[in-house]
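*Asks:* Following this message is one structure expressed as structure tokens.
The values are calculated or read from the model by the stated rules, or taken from the named source; none is laboratory data. Everything numeric in this text was worked out from a predicted model, so none of it was measured. Because the Cβ atoms are built from the backbone with ideal geometry, glycine has one as well, and the counts that use them run over all protein chains shown. Heads up: the accessible areas ignore ligands, DNA and RNA and are worked out on the full protein's heavy atoms, side chains in. Shrake-Rupley method; radii C 1.70, N 1.55, O 1.52, S 1.80 Å.
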Amino acid sequence: MTLAADLTPREAKPNGAVLPSRGLGDRVSAVFWRHPNVLLVTLLALPLLWLVVVYLGSLAALLLQSFYSIDEFSGMIRREFTLSTYAELLRPANMDIIIRTVSMSAAVTLGAVIIAFPIAYFAARYARGHWKALFYLGVMLPLWSSYLVKVYAWKLILAREGIITWVTDGIGASAVLNGILALPVIGGSSLSTSYIGTWLVFLYVWLPYMILPMQASLERVPQSMLEASADLGASRWQTLRTVIFPLALPGIIAGSIFTFSLTMGDYIIPQIVGSSRRFIGQAVYQLQGTAGNIPLAAAFAVVPIVIMLIYLTIARRKGAFDAL
């Protein structure tokens, strides 16, 4: 009797080969191999479900809450469609909060651009080998420490008894510091209770998010274009202004997306460092917490979303996403 006669029908093959029976895993793998779109849908199903339910669902609930209002007599939420909550944003006190937040976000972004550009340019054009590794370590190292530890450390540094006051007194520059603190609006009794101190802490915390996209954008500037600019007689300043800066603009805009949005939504730094005047993040935190005015808190939260949607639309047209 031959070998083929001894085998079961499933195991017998015309050429005499013996193959194991296919399991469930093999059949599923074969389906995915024949239908790659099924594999793609399977891999993306859970992340998309999480995105739709948790993220987009929460945004939809937030937007819906902003169209409700608070009954002034009972303090209960009236679940009726109204624009009166958004009209409250136009009150002088609420408009001051919005203007203050947007102004601080713009100031932090501008300061980050000024400070980050020479650092990023040096890293992109001159740093090599160990120096580039040291650059990345220096930029990323502050991000590894605790956010609250950094903020409270800066509060001590900026305090009236802090190191900055001690240094200015030691070099005889206390009059300069007092003159800065005497400036209207941005000044205060000390750096830790002024908008200047708030700006410094914001700038320190979010600066790495500006340096890295800018450095990546500057590395993409072709060396041949710089050489062509020099051959045509352009000075270094003209090359920087007409060649390097326009080509690095997508990276600058990409970094500004982080610095602007993170500053606008932060409520911890203004609560620890600075004056008692509120920002949008603080207003949202207090309104939905102690005040219990969830519709107004939701309306305040919609303001940064709308601003960032407009900003992201402009950034996309400028090609900023290519530098992320």
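*Asks:* Which ones in the range 116-151 are outside any helix (DSSP H, G or I) and either open to solvent by less than 80 Å² (accessible area, probe 1.4 Å) or touching a strand residue (DSSP E or B) at 6+ places or on another chain (Cβ under 6 Å) (or both)? Please lay out each step first, then the result.
*Replies:* First, pick out the residues of the range 116-151 that are outside any helix (DSSP H, G or I): 126-129, 145-146.
Hits for the range 116-151 are Ala127, Gly129, Ser145, Ser146.
*Asks:* Follow-up question, since we're still on this one. Which residues, taken from the range 215-236, are in a loop (DSSP other than H, G, I, E, B), among the hydrophobic types (A, V, I, L, M, F, W, C) and open to solvent by 80 Å² or more (accessible area, probe 1.4 Å)?
*Replies:* Leu232
*Asks:* So for the range 253-261 (the condition being touching a Pro at 6+ places or on another chain (Cβ under 6 Å) and of a type outside the set (Phe, Trp, Tyr)), does at least one residue qualify?
*Replies:* Scanning the range 253-261, I find at least one residue that is touching a Pro at 6+ places or on another chain (Cβ under 6 Å) and of a type outside the set (Phe, Trp, Tyr), so the answer is yes.
*Asks:* Do we find that Ile269 is open to solvent by less than 20 Å² (accessible area, probe 1.4 Å), assigned to a helix (DSSP H, G or I) and of a type in the set (A, V, I, L, M, F, W, C) in this structure?
*Replies:* The answer is yes for Ile269.
*Asks:* Would you please list the contacts, defined by Cβ atoms under 6 Å and residues six or more apart or on different chains, that run from a residue in the range 61-82 that is under 9 Å from Pro295 (Cα atoms) to a residue that is of a type outside the set (D, E, K, R) and open to solvent by 80 Å² or more (accessible area, probe 1.4 Å)?
*Replies:* The qualifying pairs are Phe67/Phe81.
*Asks:* While we're here: For the structure I just gave you, tell me whether Arg220 is in contact with a helix residue (DSSP H, G or I) (Cβ under 9 Å, 6 or more places away or on another chain) and of a type in the set (D, E, K, R).
*Replies:* Here the answer is yes, as Arg220 does meet what is asked.
*Asks:* Of everything in the range 156-206 that's open to solvent by 80 Å² or more (accessible area, probe 1.4 Å) and under 23 Å from Phe260 (Cα atoms), which residue is modelled with the lowest pLDDT?
*Replies:* Val185
*Asks:* Oh, and also: Of all residues in the range 117-141, which are under 22 Å from Ser256 (Cα atoms) and in contact with a helix residue (DSSP H, G or I) (Cβ under 6 Å, 6 or more places away or on another chain)?
*Replies:* Ile119, Ala120, Tyr121, Ala123, Ala124, Phe135, Val139, listed by residue number.
*Asks:* Of Thr259, Thr239, which residue is of a type in the set (Ser, Thr, Tyr), more than 30 Å from Gln286 (Cβ to Cβ) and buried (at least 16 other Cβ atoms within 10 Å of the Cβ)?
*Replies:* Thr239
*Asks:* Residue under question is Ala93, and the condition is that it be over 25 Å from the mean Cα position of the chain (by Cα), more than 30 Å from Ala216 (Cα to Cα) and in a helix (DSSP H, G or I); does it hold?
*Replies:* Against the criterion (over 25 Å from the mean Cα position of the chain (by Cα), more than 30 Å from Ala216 (Cα to Cα) and in a helix (DSSP H, G or I)), Ala93 qualifies.
*Asks:* Kindly indicate whether Thr259 is in a helix (DSSP H, G or I) and under 16 Å from the mean Cα position of the chain (by Cα).
*Replies:* yes
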